[in-house]
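The values are calculated or read from the model by the stated rules, or taken from the named source; none is laboratory data. Fair warning: this is a prediction, and the values are worked out from it, not measured in the lab. All Cβ positions, even for glycine, are placed from backbone atoms using ideal geometry, and neighbour counts span all protein chains on display. Protein only, heavy atoms only, side chains kept; ligands, DNA and RNA dropped before computing areas. Shrake-Rupley method; radii C 1.70, N 1.55, O 1.52, S 1.80 Å.
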Amino acid sequence: LGMIHFVDTTEEFDLAVNGAFMEYVRQLKKEGTIRHIGMSTHNPDIAKLAACQGEIEMILFSVNPAFDMLPPVSDIDQYFSGQYDEALNGIAPEREELYKLCEQNGVGITVMKGYAGGRLFQADTSPFGVALTPVQCLHYALTRPAVAAVMVGYDSVRHVEEAVAYETATEEEKD
């Protein structure tokens, strides 16, 4: 997989897909050194451009209930600087559109930030005021359109066990 990393502005996107690096990636694909082209971003507008670009087949994108339901910000750490607005319900329109575009165009999503850096596991750091479980976070991400996988970080064997519990979790535990 040839990966264009952390493109978060339209200028970076244009440079990435129209510049020397993309020519190099195309050559590697033509030679068979890589088989797929991917890109990573935190910006849903940039991810939508990638989903429609035609050559990008996979997007590494931040997906979790907090990011999907809170207003978009340019700095990912700002997601947790304020309080969750109870008036917000449902998914942010730009993110919903991204997931639909990816699904329509056959562009997969690999999820990063599925646990929001662990902030969703504690009521006092979750924007919802309640703690979520790893199973709930994984289920949320895996049920978004076009999502193929979730990449999560682990600090202990217990964290691995909590994630693997998804495989045998009941629907109630996933909800």
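Is there a residue being in contact with a Lys or Arg (Cβ under 6 Å, 6 or more places away or on another chain) and modelled with pLDDT of 95 or more anywhere in the stretch 100-119? I'd like the intermediate steps shown before the answer.
Step one: list which residues in the stretch 100-119 are in contact with a Lys or Arg (Cβ under 6 Å, 6 or more places away or on another chain), which gives 101.
Right, trim to modelled with pLDDT of 95 or more and you get 101.
Among the residues of the stretch 100-119, at least one is in contact with a Lys or Arg (Cβ under 6 Å, 6 or more places away or on another chain) and modelled with pLDDT of 95 or more, which makes the answer yes.
Scanning the stretch 1-55 for residues that are aromatic (Phe, Trp, Tyr) and in a loop (DSSP other than H, G, I, E, B) yields one hit, PHE6.
Here's the yes/no breakdown for (1) under 30 Å from GLN53 (Cβ atoms); (2) in contact with a strand residue (DSSP E or B) (Cβ under 6 Å, 6 or more places away or on another chain); (3) of a type in the set (Phe, Trp, Tyr); (4) outside any helix (DSSP H, G or I):
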position	(1), (2), (3), (4)
ILE91	yes, no, no, yes
ILE109	yes, yes, no, yes
GLY129	no, no, no, yes
VAL135	no, no, no, no
HIS139	yes, no, no, no
ASP155	no, no, no, yes
VAL160	no, no, no, no
ALA165	no, no, no, no
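Looking only at the stretch 101-126, which residues are crowded, with 17+ Cβ neighbours inside 10 Å and either farther than 19 Å from PHE61 by Cβ or basic (Lys, Arg) (or both)? LYS113, ARG119, PHE121, SER126, listed by residue number.
From the residues in the stretch 79-99 that are at pLDDT below 55 and open to solvent by less than 90 Å² (accessible area, probe 1.4 Å), which one is nearest to ASN43 (Cα to Cα)? If you could, list the steps in order and put the result at the bottom.
First, the residues of the stretch 79-99 that are at pLDDT below 55: 79-88.
Checking which are open to solvent by less than 90 Å² (accessible area, probe 1.4 Å) leaves us with 79-80, 82, 84-85, 87-88.
On the way: TYR79: 13, PHE80: 16, GLY82: 19, TYR84: 20, ASP85: 21, ALA87: 23, LEU88: 20 Å.
Top of the filtered list is TYR79.
Within the stretch 29-48, no residue that is free of Cβ contacts under 8 Å to residues at least 24 places away in the same chain sits with its Cβ atom under 8 Å from a residue that is buried (at least 20 other Cβ atoms within 10 Å of the Cβ) and assigned to a helix (DSSP H, G or I) at 6+ positions apart or across chains.
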